[in-house]
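The values are calculated or read from the model by the stated rules, or taken from the named source; none is laboratory data. Predicted model only: the values in this text are computed from it and were never measured. Because the Cβ atoms are built from the backbone with ideal geometry, glycine has one as well, and the counts that use them run over all protein chains shown. Just so you know, the surface numbers come from the protein's heavy atoms only, side chains and all, with ligands and any DNA or RNA stripped out. Shrake-Rupley method; radii C 1.70, N 1.55, O 1.52, S 1.80 Å.
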Amino acid sequence: MTEWIGYAGSALVALSLMMSNIWRLRWINLAGAAFFVAYGLAVGAYPVALVNALIVVIDAYHLGVMAGKKDYFTLMPVASTEESLLKGFLAAHREDIDSFFPDFSLKAAPGVRCVFILRNLMPVGLFAFAPGADGSVEILLDYVAPEYRDLKNARYLYSTQGGLLKDEGFSRFRARPRSRAFEGYLRTMGFSPEHGLPGSFSRPIRPA
């Protein structure tokens, strides 16, 4: 049992180093260090327990700082699909985008509107949609760079900025996920399956 605690700690620390999202990295690293504290105490390796207890404190401190940090969000509409920033963003994240949105293509989406999500003035996400005939916002792309996937961007977009779309006459967000990961994300953000439209999820657009 003691050995398995040590193995679990090692696995968690190794897993944390694979995380591009610093929030997840800190949480998983903290859990791994906590396992090593228990392991060190169990086998009498007190230096191991002491060092990892310090790592737990350091991770907890940084998580607290991150949780209390106030980020500044804003949206930047893209005037044209030919803009160099848009093309560069899509090219830089093409492989990751394809894993969630395998069918996405600007050329295959006439009338598409693109909006960058800025976080502390950095373009960290891209939201692309087409206006639906029934007043819906048909989501074609809702992508955020891996290191910023903590749902803050999504909450800003859907809860805070949805009112802007409401003012334009839109009533619902609608999406047809092509990956399980995106479907899970939609459910987390309050989307639910639409009756009569297999594979389609939606949620009302509410005033900000």
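Have a look at SER171, GLY68, LEU15 and report the one farthest towards the positive end of the charge dipole of the chain, computed about the Cα centre with Cβ charges (Lys/Arg +1, Asp/Glu -1). Final value for the positive-end residue is SER171.
Based on the Cβ-Cβ distance of ALA108 and VAL51, what FRET efficiency does E = 1/(1 + (r/R0)^6) give at R0 = 35 Å, to the nearest 0.05? It comes to 0.05.
In terms of accessible area, using a 1.4 Å probe and ignoring ligands and nucleic acids, LEU17, LEU63 rank largest first as LEU17, LEU63.
State the extension gain, in nm to one decimal, for the chain segment bounded by ASP98 and ASP150, taking 0.36 nm per residue of separation less the distance between their alpha-carbons.
Result for the pair: 16.7 nm of gain on full extension.
Where only DSSP H runs of four or more residues are counted, the chain gives -14000 deg cm²/dmol as its mean residue ellipticity at 222 nm, each run worth -39500 (n - 2.57).
Measuring with a 1.4 angstrom probe and ignoring ligands and nucleic acids, ASP167 comes out at about 130 Å² accessible.
Computed over the alpha-carbon pairs of the stretch 76-157, the distance histogram in 5 Å steps reads 3, 14, 27, 28, 19, 8, 2, 0 percent, short to long.
The shape of the stretch 117-208 comes out oblate: with a ≥ b ≥ c from the C-alpha gyration tensor, a/c is at least 1.5 while a/b does not beat b/c.
Here the dipole of the chain is about 360 debye; that uses its Cα centre as origin and unit charges on the Cβ of Lys and Arg (positive) and Asp and Glu (negative).
Would you mind telling me the share, in percent, of accessible area of the chain contributed by carbon and sulfur at probe 1.4 angstrom?
Values: 7370 of 11710 Å².
Roughly 63 percent, rounded to a whole number.
Looking at the chain only, what percent of DSSP beta bridges run antiparallel? Nearest 5 please. Walk me through the intermediate numbers first.
Numbers: 25 of 29 bridges.
Of those bridges, close to 85 percent are antiparallel.
Considering only PHE191, LEU126, ILE139, and ranking their Cα positions along the charge dipole of the stretch 120-197 that arises from unit charges at the beta-carbon of Lys, Arg, Asp and Glu, the one farthest toward the positive end is PHE191.
Accessible-area rank, largest first, for SER84, SER200: SER84, SER200, with all protein chains present and a 1.4 angstrom probe. Backbone N atoms of the stretch 1-17 closer than 17 Å to the 7 Å Cα→Cβ label point of LEU63 belong to residues 9-17.
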